[in-house]
1. In degrees, nearest 10, range 0 to 90: what is the angle between the Cα axis of helix 420-434 and the longest Cα principal axis of the chain?
2. Placing one identical point scatterer on every Cα of segment 182-253 and ignoring solvent, what is log10 I(q)/I(0) from the Debye formula at q = 0.15 Å⁻¹?
3. Treating only the Cβ of Lys, Arg, Asp and Glu as charged (+1, +1, -1, -1), what charge dipole size does segment 141-210 show about its Cα centre? Round to the nearest 20 debye.
4. State the extension gain, in nm to one decimal, for the chain segment bounded by SER133 and ASP587, taking 0.36 nm per residue of separation less the distance between their alpha-carbons.
5. Select from VAL417, HIS349, ALA336 the residue farthest towards the positive end of the dipole of segment 326-440; place +1 on Cβ of Lys and Arg, -1 on Cβ of Asp and Glu, and compute about the Cα centre.
6. What percentage of the solvent-accessible surface of the chain, computed with a 1.4 Å probe over protein heavy atoms, is contributed by carbon and sulfur atoms?
7. DSSP beta bridges in the chain, what fraction antiparallel, as a percent rounded to 5?
8. Please determine, in degrees from 0 to 90 and to the nearest 10, the orientation of helix 400-414 with respect to the longest principal axis defined by the Cα atoms of the chain, where the helix direction is its Cα long axis.
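The values are calculated or read from the model by the stated rules, or taken from the named source; none is laboratory data. From a predicted model like this one, the values you see are computed outputs, not experimental measurements. Here the Cβ positions follow ideal geometry from the backbone for every residue, glycine too, while neighbour counts run over all protein chains shown. Only protein heavy atoms, including side chains, enter the accessible area calculation; ligands, DNA and RNA are left aside. Shrake-Rupley method; radii C 1.70, N 1.55, O 1.52, S 1.80 Å.
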Amino acid sequence: MIPQPFIYDLLNRVDIVDAIDRHVPLKKAGANFVACCPFHSEKTPSFTVSQTKQFYHCFGCGAHGNAISFLIEYGGLSFVEAVHDLAAYVGMQVPEQQTDTFSKQAASDDLSHYPVNDLGSNDPEISPQDLLSVLQVATRFYREQLKISEKAIAYLKKRGLFGKTAARFAIGYAPAGWQNLEAVFTDYKSERTRRILLQAGLVIINDEAKQYDRFRDRIMFPILNQKGQIIGFGGRVLEQGEPKYLNSPETILFEKGRELYNFFSARRAIREANCVIVVEGYMDVIALSQHGIDYVVAALGTATTSLHIQKLLRQTENIIFCFDGDKAGRKAAWRALENSLALLSDGKHLSFLFLPEGADPDSYVNQYGKESFEQKLKQAMPLSEFLFKELCAEASLQTSEGRAKLVSDAKPLLQQVAAPALSVMLVRRLGELSGISQGELEELLHIKRAPRMHKIKNAERKQPITPYRRLTRMLLYSPNYIAKLDKYLLVQCNENNEEVAALKALVDFLDTHPQLIASKSTHSILTYLQNSPYRALLEDIESETLEWGSAIDLEEEFLEVLEKLQQAQRNKRMTELHSKSLERLTDEEKRELQRLAMK
């Protein structure tokens, strides 16, 4: 586990503008920086970054966070990966383990913290860097072996690969034999090296404690993470044999459901083309790239997951799944469709291209060339068309029962679609196929349309901002004002609403963590409140400070808010006293009423 003090120190040293600008170009706009939001489709910039308080907020989709959460959301990194990325960027060394002393201190501090996916192994003596190092050594070994293997070279030439292409993808060859890696790991059989190689997925240790190489007599394809580090391999047999492809096992570095082959190298091409092609195999990616089509990735021996799709949608508005036209290819396409429905937004386009039977992207582009393949891409079937084509294939639309089955099969799928316009059009198309009106379908499918956002926003703007919200905004922007706050004003407040509850929770937190106020931290106080039940409301309130210019007088704002809270308490107390008849008021209450009336 990464110590919390290190995380906060890291955020203090990182400039969020620089961290985000590496991935999304920002433009200066007054006191802040803006860009079109990378988390949803838009033409007018609503993504705003505060350099003063080190947070970002999108006024369109509500995305909100700091430099770490940006890398997690934008790059699909785990928490630990994001911390390591930022630390390397500013030249800090990440502590690998949290000491017992700090564990006790952290428990006593009771700070809300980020969910941590522990990148450290179960073996405290083995670090992620140990694993990355042996994978790098193995890659060099496999590449050297390819140069001297006539059989492997002949295989790649037969598949149409050029030497430059093989070098660009760092393709290698794992020779036949059981312990070839011993040639580069001289302590191959020592206890520590055995454990490292095992955890890296390079060797297997059987029930008899005998150790042997996992990859033997296979073409080797290194798999890179988003930082360009080798985290695993895919190995393909040269001749007939099973399994045809053998991937590295799941390790602390490598999760098949998160990683995509060639994603690191293809990101720039994907953004430039505003499109990504998802194929099934390593050779498909490499063959297309060799023909000048670089915006291609492949899943790693698993179905396309929602994490894959989420990662790709952050890079582009257009995803084309290009699978074989056989039963297995259509099944893979259907799984991709199911995993994408909840992630779709209007303006994002997913489509499906099925090549002629017996063809795959590799063989097709080698036979017909780049232009022919790109023409095929233009004929890709939109998600909506593929959806209903597959559903209708399972139901007879000539009968009432068949149309009822169509509606029943479509229901769980359409319920996942959150994109408003697409949802309406899918329901409308289902109505055309089933003969049921759109209104009746929405009732049958239990689809409730969200009210129009602009009406909500207009209504919200007309409501005056409460003093409780203004005070919360002040404390989020400048927590040191807690020292000047008369907390009795909040004790007296018995209003039961979320704004008051959030303010009281914030005040309690600041009271119990004075060290945060005394520190020179510049990042948002919400960094420490990731698990607060009021987090969404606090983020919304904090976003309002983005409109504050340098001319704002914080002291004047604070005093005005205090005056309004005091006036609210006076009015409340006067109402209580006026509710009693004059005869029932005590002498002290009469004097109190007189004092309140004079203020």
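1. Between the helix axis and the principal axis of the chain, the angle is about 60 degrees.
2. -0.56
3. That gives segment 141-210 a dipole magnitude of about 500 debye.
4. Separation in residues times 0.36 nm, less the Cα-Cα distance, equals 155.1 nm.
5. My answer, from the dipole projection, is VAL417.
6. 50
7. 70
8. Taking Cα atoms only, the helix is inclined about 70 degrees.
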